[in-house]
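First up is the structure itself, then whatever we jot down about it.
Each value in this text was obtained by applying a stated rule to the coordinates, not by laboratory testing. Bear in mind that the values here come from a model prediction, so they are computed numbers and not experimental data. Heads up, the Cβs are rebuilt from the backbone with ideal geometry, glycines too, and the neighbour counts pull from every protein chain shown.
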Protein chains: 2
Amino acid sequence: MKSSAAPPPAGDELPVRGADQAVFRPIRGGNAFEETVERLLQALRLGVVAPGGRLPPGRELAPRLGVSRATLREAVATLQSAGYLESRRGRYGGTFVVAAPPAGARPGPARSRPPADLEDVLQFRLVLEAGAAEAAAARSLTRADREHLTGLLAGCTGAGPADYRRLDSRLHLAVAEVAGSPSLTTAVADVRTRVNELLDAIPLLPPNIEHSDRQHAAVVTAILAGDPEGARSGMAEHLAGTAALLRGFLT
Amino acid sequence: MKSSAAPPPAGDELPVRGADQAVFRPIRGGNAFEETVERLLQALRLGVVAPGGRLPPGRELAPRLGVSRATLREAVATLQSAGYLESRRGRYGGTFVVAAPPAGARPGPARSRPPADLEDVLQFRLVLEAGAAEAAAARSLTRADREHLTGLLAGCTGAGPADYRRLDSRLHLAVAEVAGSPSLTTAVADVRTRVNELLDAIPLLPPNIEHSDRQHAAVVTAILAGDPEGARSGMAEHLAGTAALLRGFLT
DNA sequence: CCGCAATGGACTCGTGCTGATCCCTTGACG
DNA sequence: CGTCAAGGGATCAGCACGAGTCCATTGCGG
């Protein structure tokens, strides 16, 4: 490193704090194929396409993802052999999300690693989601927005442990959606994906679910009532719950 | 298209709100070369490297950006011919930011386009930066953090119009830095870049500068005092100022 | 005065990815 | 029962880009 015995000279300009790590970060996340697999998995886990639902056709999806059909097909093939997707040919065919995801499928990398970025994710999520809740409550929502929220809230309430993570994520995503900033929605989707990866490492208990349900209801109520402060604090409280859980289990 | 007379069948699953536009977005921003140019410009405009300062050497920077040295060099060459950078060979050489940026350099694309995403950026920025200010105030800052903040605040106060945008950006970035979440810092840097592009289209008036200076001081004071609410509201107020300005000028 | 170290600059090769084109499969509809 | 539309599957040429290697330039230290 530049640490010990930086030669002598030339006036080192920047003490180089976090700022340039933020701007001199990797341009590409890596391999296009891997990135595509990640995106598809993100769509599944966040419940953007429901189990049994159909993905957009390759000829439409590939350009949207900015990859070639060949690359997209490779990614789909990978997820097929992993048991996540299923393709049917012919008209009205397509690529479908299998209703029952592979049981033992925890293809994540080495588990029980100490997530160095735990605090990073949690802090970032707090800022994004609490901000989204507040922003959503401050807007005048359309009828469709309201129904979207209440519908997802209802679907989430009382769901079983098998579906909870996905439905929960979908609801949180909906809060960001109605905040009216696509960039914010994207950011929430991403941070949610990162949080989900961590959550996969800890158990999901019925008491937690019940607790979450109540907090969800409180947040949605505040949003529908146009109460920004309430929505923000409700969401912050909700997030603090899982944050504590994660800190506890992941030490 | 699928528009008129969607045939009949097969149960359309998703009304497709904003969520899948968030997840089925492009994998790569495009061309690696263009992306690299953008990043370097971002570093300049956000003041991550000061005028006269030196960029990290190519052999170090290229891997950090995840591009080859060839691609990085192409990007640097472009910015050289555009008058932003200057390279010197030999030991203790390097690539330097020219002290006086090209006067007529406003290489942005067609000006006076109606920025459809204006509200998106402003909303997103509010969430990120107000959240960052609050988070920063809620942390126990190190001595270095405090000095970093006060130093940048001092540098910003009373700066001329020529430097103001850059120093202002650098200060806002510092607030995000001390919030302790690298992801948050990255997001703020990105949204700041987008805002700057819009700001380039409107004039920068001395009264605005003076106003901003006072608000900056208030925010930093609140952060140093450990007052999250004050920091958040101060930042929100500050951002509301530029937001109004932008909405006014860009109709 | 010589050599070394650190930087930018140029070249080559291998390959992952794109874009285009074609084929295969299936169901609806006349 | 034939045809067409809409989807997945496959193949191939071309190229952008990454990795590696060497050259050119500069200044410092001995």
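When DSSP beta bridges are restricted to pairs lying wholly in the protein assembly as shown, around 100% turn out antiparallel. Answer rounded, prolate or oblate for the protein assembly as shown, using the Cα gyration tensor with square roots of eigenvalues a ≥ b ≥ c: rounded when a/c is under 1.5, else prolate when a/b is larger than b/c, else oblate. Taking the square roots of the gyration eigenvalues as a ≥ b ≥ c, the protein assembly as shown is prolate. Taken about its Cα centre, the range A:118-250 carries a charge dipole of roughly 140 debye when the Cβ of each Lys and Arg holds +1 and the Cβ of each Asp and Glu holds -1. Shape call for the range B:32-97 from the C-alpha gyration tensor, a ≥ b ≥ c root eigenvalues: rounded (a/c under 1.5), prolate (a/b greater than b/c) or oblate? Rounded, since a/c falls under 1.5. Distance from the axis that maps chain A onto chain B is least for the Cβ of the chain A residue given, with the whole Å value, as A:Gly131, 2.
In nanometres and ascending order, the distances from the A:Gly160 label point to those of the other copies are 7.1 (point 7 Å from Cα along Cα→Cβ).
Relative to the other identical copies, A:Arg59 shows label-point distances of 5.1 nm, where the label point lies 7 Å from Cα along the Cβ direction and values run shortest first. Using C-alpha pairs below 8 Å separated by at least 6 residues, the relative contact order for chain B is 21 percent. Charge dipole (Cα centre; +1 on Lys/Arg Cβ, -1 on Asp/Glu Cβ; no other charges) of the protein assembly as shown amounts to roughly 1580 debye. In terms of its C-alpha gyration tensor, chain A comes out oblate, because a/c is 1.5 or above while a/b does not outweigh b/c. Inter-copy label distances at A:Asp227, shortest first and taken from points set 7 Å along Cα to Cβ: 2.7 nm.
Couplings 3J(HN,Hα) for the range B:81-89, derived from phi with the Karplus relation 6.51 cos²θ - 1.76 cosθ + 1.60 (θ = phi - 60°), are 5, 8, x, 8, 10, 8, 10, 10, 8 Hz, where x marks Gly and Pro. Magnitude of the charge dipole for chain B, about its Cα centre and with charges confined to Cβ atoms of Lys, Arg (+1) and Asp, Glu (-1), is about 980 debye. Loop-located trypsin sites (Lys or Arg not before Pro) in the range B:46-95 (DSSP state not H, G, I, E or B) with no more than 11 neighbouring Cβ atoms inside 10 Å: B:Arg89, B:Arg91. Extending 7 Å from Cα along the Cβ direction at A:Glu86 and again at B:Val98 yields two label points whose distance is 6.3 nm.
Normalising the average separation of contacting C-alpha pairs (under 8 angstrom, six or more residues apart) by the number of residues puts the relative contact order of the range B:118-249 at 41 percent. Residue separation of B:Ala154 and B:Asp227 scaled by 0.36 nm, minus their Cα-Cα distance, works out to 24.2 nm of gained length. Bin width 5 Å, alpha-carbon pairs only: give the P(r) of the range A:118-250 as whole percents, running from 0 to the bin holding the largest distance. Going out from 0 Å in 5 Å bins, the range A:118-250 shows 2, 12, 22, 26, 22, 12, 4, 1, 0 percent. If R₀ is 35 angstrom, what is the calculated FRET efficiency for the pair B:Arg64 and A:Arg247, using the beta carbon separation as r and rounding to 0.05? Computed FRET efficiency for B:Arg64 and A:Arg247: 0.70. Candidates B:Ala217, A:Pro207, A:Leu65 compared by Cα position along the dipole of the protein assembly as shown: farthest toward the positive end lies A:Leu65, with charges placed on Cβ.
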